[in-house]
Amino acid sequence: MLKKKLEGLRKILDESVVCLRESSSSKVAAPMLLEKLGRALECEWGTFWEVDSRAHVLRPIGTWSASSLEVKKLEQDTRSRNLSLSEGNAGHVWRSRKPLWTVDLVKDMCIPRSIDADRAGLHGGVWFALKTDRAVYGVIELLGLNLAPAEEELIAGIEIFGIQLGKILEEKASKV
């Protein structure tokens, strides 16, 4: 199962590189990227949090959910929220630059989003930074119905994925 997930991430990385390079902005690429990542990691919800370096907050620029989920409240709360370095799991990942994985959102995710996620049937989550040595450009949040406990090799693969995407975002930012 781990090998299959890692192979899926490698394939998605190739597709994501092309999508990010060819898209006019991260906002345009976000839904496709979230869906592909979500499906590869067996998750049903995703948010692309982009770093706004001027305001020093994370802003949600795109979400994705599996069609079978009732996530209206979670969607509304997510889209209306900006996170600081000290808010939520996405803020923690932005600050620490390290992936975070949980199988208990109610315990490990901030209220009220954890309650909204739980009501939608989402119980586990993974967050990772889109980063380079210079900066963090965003955080990917993926939530799942039955996310398995983390495996070290998968967490390492996710972190490498985030670094690769961070490099592309850095390239695009330097051209602006």
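The values are calculated or read from the model by the stated rules, or taken from the named source; none is laboratory data. If you're wondering where the values come from, they're calculated on a predicted model, not measured in any experiment. Because the Cβ atoms are built from the backbone with ideal geometry, glycine has one as well, and the counts that use them run over all protein chains shown.
Among the listed residues Ser80, Ser65, identify the single one that is of a type in the set (Ser, Thr, Tyr) and out of contact with any Phe, Trp or Tyr (no Cβ under 8 Å at 6 or more places or on another chain). Quick ask: steps written out before the conclusion?
On the way: Ser65 fails: out of contact with any Phe, Trp or Tyr (no Cβ under 8 Å at 6 or more places or on another chain).
It is Ser80.
Looking at the stretch 117-130, can you tell me whether even one residue there is out of contact with any Cys (no Cβ under 9 Å at 6 or more places or on another chain), over 18 Å from Thr78 (Cα atoms) and modelled with pLDDT of 95 or more?
Yes: one or more hits.
Given the conditions (1) modelled with pLDDT of 90 or more; (2) more than 28 Å from Glu152 (Cβ to Cβ); (3) not acidic (Asp, Glu), which single one is not true for Leu69?
Answer for Leu69: the failing condition is (1).
Restricting to the stretch 21-40, name every residue that is among the hydrophobic types (A, V, I, L, M, F, W, C), more than 11 Å from the chain's Cα centre (by Cα) and under 23 Å from Thr102 (Cα atoms). Steps first, answer last, please.
Within the stretch 21-40, the first condition is being among the hydrophobic types (A, V, I, L, M, F, W, C), and the residues that meet it are 28-30, 32-34, 37, 40.
Remaining after also requiring more than 11 Å from the chain's Cα centre (by Cα): 28-29, 32, 40.
Residue satisfying the conditions is Ala40 alone.
Would you point out which residue out of Glu75, Glu44, Glu87, Glu22 is under 21 Å from Ile163 (Cβ atoms) and acidic (Asp, Glu)? Don't jump to the end; show me each part of the working.
Numbers: Glu75 fails: under 21 Å from Ile163 (Cβ atoms); Glu44 fails: under 21 Å from Ile163 (Cβ atoms); Glu87 fails: under 21 Å from Ile163 (Cβ atoms).
The match here is Glu22.
Quick one: would you say Ala40 is touching a helix residue (DSSP H, G or I) at 6+ places or on another chain (Cβ under 9 Å), more than 23 Å from His123 (Cα to Cα) and modelled with pLDDT under 90? Write out each step before concluding.
Numbers: touching a helix residue (DSSP H, G or I) at 6+ places or on another chain (Cβ under 9 Å): yes; more than 23 Å from His123 (Cα to Cα): no; modelled with pLDDT under 90: yes.
No, not satisfied.
Of all residues in the stretch 47-72, which are among the β-branched types (Val, Ile, Thr) and either without any contact (Cβ under 8 Å) to a residue 12 or more places away in the chain or under 18 Å from Gly162 (Cα atoms) (or both)? Don't jump to the end; show me each part of the working.
Residues of the stretch 47-72 that are among the β-branched types (Val, Ile, Thr), as a first pass: 47, 51, 57, 61, 63, 71.
Those that are among the β-branched types (Val, Ile, Thr) and either without any contact (Cβ under 8 Å) to a residue 12 or more places away in the chain or under 18 Å from Gly162 (Cα atoms) (or both): Thr47, Val51, Ile61, Thr63.
In the stretch 131-175, what residues are of a type in the set (Gly, Ala, Ser), part of a helix (DSSP H, G or I) and in contact (Cβ under 8 Å) with a residue 12 or more places away in the chain?
As a first pass, look at the stretch 131-175 and keep what is of a type in the set (Gly, Ala, Ser): 135, 138, 144, 148, 150, 156-157, 162, 166, 173-174.
Then keep just the ones that are part of a helix (DSSP H, G or I); that gives 156-157, 162, 166, 173-174.
Once the filter is applied, which keeps residues that are of a type in the set (Gly, Ala, Ser), part of a helix (DSSP H, G or I) and in contact (Cβ under 8 Å) with a residue 12 or more places away in the chain, the stretch 131-175 yields Gly157, Gly162, Gly166, Ala173.
Which of the residues that make up the stretch 95-118 are in contact (Cβ under 8 Å) with a residue 12 or more places away in the chain, out of contact with any helix residue (DSSP H, G or I) (no Cβ under 7 Å at 6 or more places or on another chain) and either of a type in the set (Lys, Arg) or over 24 Å from Phe161 (Cβ atoms) (or both)?
Hits for the stretch 95-118 are Arg97, Lys98.
Only one of these is among the hydrophobic types (A, V, I, L, M, F, W, C) and out of contact with any Cys (no Cβ under 7 Å at 6 or more places or on another chain): Leu58, Leu33. Name it.
Values: Leu33 fails: out of contact with any Cys (no Cβ under 7 Å at 6 or more places or on another chain).
Being among the hydrophobic types (A, V, I, L, M, F, W, C) and out of contact with any Cys (no Cβ under 7 Å at 6 or more places or on another chain) holds for just one of Leu58, Leu33, which is Leu58.
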